[in-house]
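First the structure, in the form of structure tokens, and then the observations on it.
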Amino acid sequence: MVMLTWKEPQGVFDIQRLVQNAIDLEFATLPPYLYAKFTILPGTNAAALALLDSIIRQEMIHMCLACNILNAIGGTPAVTPPHYPGPLPGGVAKGLTVGLLPFTPAAIAQGMAIEAPDEPIKPRVALAIGQDEDVSIGEYYHRIDIALSKLPASDWTVGRNQIGDAQFFQGQIFDVNGYADAHRAINQIVSEGEGTPVRPDQPGSPLDFQHDLAHYYRFWEIAQNRVLTQADDGSNYTWGAPLGVDWQAAYPAIANPQEHDFVHDPAPAQAAQAACNAAFTAMVDALGKAFAGSAGELGVAVRAMFDLRMAAMAALNAPLADGTHVSGPAFVYLGGQATTTQTEGAAA
């Protein structure tokens, strides 16, 4: 299970930084999940591909909702690509090291480790302001929710740089104009990732609030090569029909291409990686602009993601120097426009 560092906030600027950490985390899951998806051979693993697609789509939605929360409380979202392999943003030293892995059991196990649901919530011990504690992702969001609930109305700004659903993800992205909206967004993020958590007032479930399997259980279906099915009496879940996973139906892609030196590889492989990096950079830059108030840039980011997929297909069909392996996109950010975390009170 991924553990994050929680520092009890004192005021809205501290909460802004905590929400930014959540944005960093949501973004950091995209390259590993995309790498696993891209490396599936065309025309194969239809069910696994659909599950990965649905997870990636919802991670993008979660990032947009977290950015809406940060904008609503006066912060400015930053999009900062991490290095792979490495820890997830906000993770503590004993946390998971995340890499770019091709479609293999290891890649799916990594996804399960990232999305692992929280254990039943235990009574909290009151923390002093500024004291650090290691918490799971679900508990991290739960505590952000508590902190947001204590903000006065004056700390919320209606309609500030909100990403809507007019262009994409209709019905799933919404404006955050106050605590009630933020609470709804956090519930959606946590339930879609981990399922309905176990609380004193609810038994817990692998389903999210929309009654779809949460991300952890979708990864688990791929790992088990079985469909998770609710028992006839509704009391439990069992492994049902085969999902049709074929681990051999994947490109012979290297792991962690950020650590590979492409200078010795044939020109087509180098050109394909250059195109991948250019598309990824365009996507990051467009997302940064969209979250800063230029909502139309979200469409530019989605177009760049399409370009990235096309470049990835070229890369996966361009042999490396050993003549045996290929590489998916390294997700290298080339520009200087990705900024560090910014909050309105940072200079104070």
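Regarding Gln58, is this residue at pLDDT below 95, polar (S, T, N, Q), part of a helix (DSSP H, G or I) and outside the structural domain of Gly335 (by TED's automatic domain parsing)? Answer is yes for this residue. Among the numbered conditions (1) assigned to a helix (DSSP H, G or I); (2) out of contact with any strand residue (DSSP E or B) (no Cβ under 8 Å at 6 or more places or on another chain); (3) modelled with pLDDT of 95 or more, the only one that Ala269 does not meet is (2). Val302 passes every criterion in (1) at pLDDT below 95; (2) assigned to a loop (DSSP other than H, G, I, E, B); (3) within 30 Å of Tyr251 (Cβ to Cβ); (4) among the β-branched types (Val, Ile, Thr) apart from (2).
Outside any helix (DSSP H, G or I), within 19 Å of Ala312 (Cα to Cα) and either modelled with pLDDT of 95 or more or not assigned by TED's automatic domain parsing to the domain that holds Ala106 (or both) - does that describe any residue in segment 26-38? Within segment 26-38, not a single residue is outside any helix (DSSP H, G or I), within 19 Å of Ala312 (Cα to Cα) and either modelled with pLDDT of 95 or more or not assigned by TED's automatic domain parsing to the domain that holds Ala106 (or both).
Can you confirm whether segment 256-265 contains a residue that is under 30 Å from Gly75 (Cα atoms) and aromatic (Phe, Trp, Tyr)? Checking segment 256-265: not a single residue is under 30 Å from Gly75 (Cα atoms) and aromatic (Phe, Trp, Tyr).
Going through (1) at pLDDT below 95; (2) under 19 Å from the mean Cα position of the chain (by Cα); (3) in a loop (DSSP other than H, G, I, E, B); (4) not small (Gly, Ala, Ser) one by one, Tyr84 falls short only on (1).
Out of all the residues in segment 275-295, which are at negative phi, in contact (Cβ under 8 Å) with a residue 24 or more places away in the chain and not in a helix (DSSP H, G or I)? Don't jump to the end; show me each part of the working.
Just the residues of segment 275-295 that are at negative phi, to begin with: 275-292, 294-295.
From what is left, the residues that are in contact (Cβ under 8 Å) with a residue 24 or more places away in the chain are 275-285, 287-288, 290-292, 295.
Of everything in segment 275-295, those that are at negative phi, in contact (Cβ under 8 Å) with a residue 24 or more places away in the chain and not in a helix (DSSP H, G or I) turn out to be Ala292, Ala295.
With the requirement that a residue be under 14 Å from the mean Cα position of the chain (by Cα) and surrounded by 21 or more Cβ atoms within 10 Å (Cβ to Cβ), what does segment 92-114 give you? Of everything in segment 92-114, those that are under 14 Å from the mean Cα position of the chain (by Cα) and surrounded by 21 or more Cβ atoms within 10 Å (Cβ to Cβ) turn out to be Val98, Leu100, Gln110, Gly111, Ile114.
The values are calculated or read from the model by the stated rules, or taken from the named source; none is laboratory data. Please read all numbers here as calculations on a predicted model, not as lab measurements. Quick reminder, even Gly has a Cβ in these numbers, built from the backbone with ideal geometry, and neighbours come from all protein chains shown.
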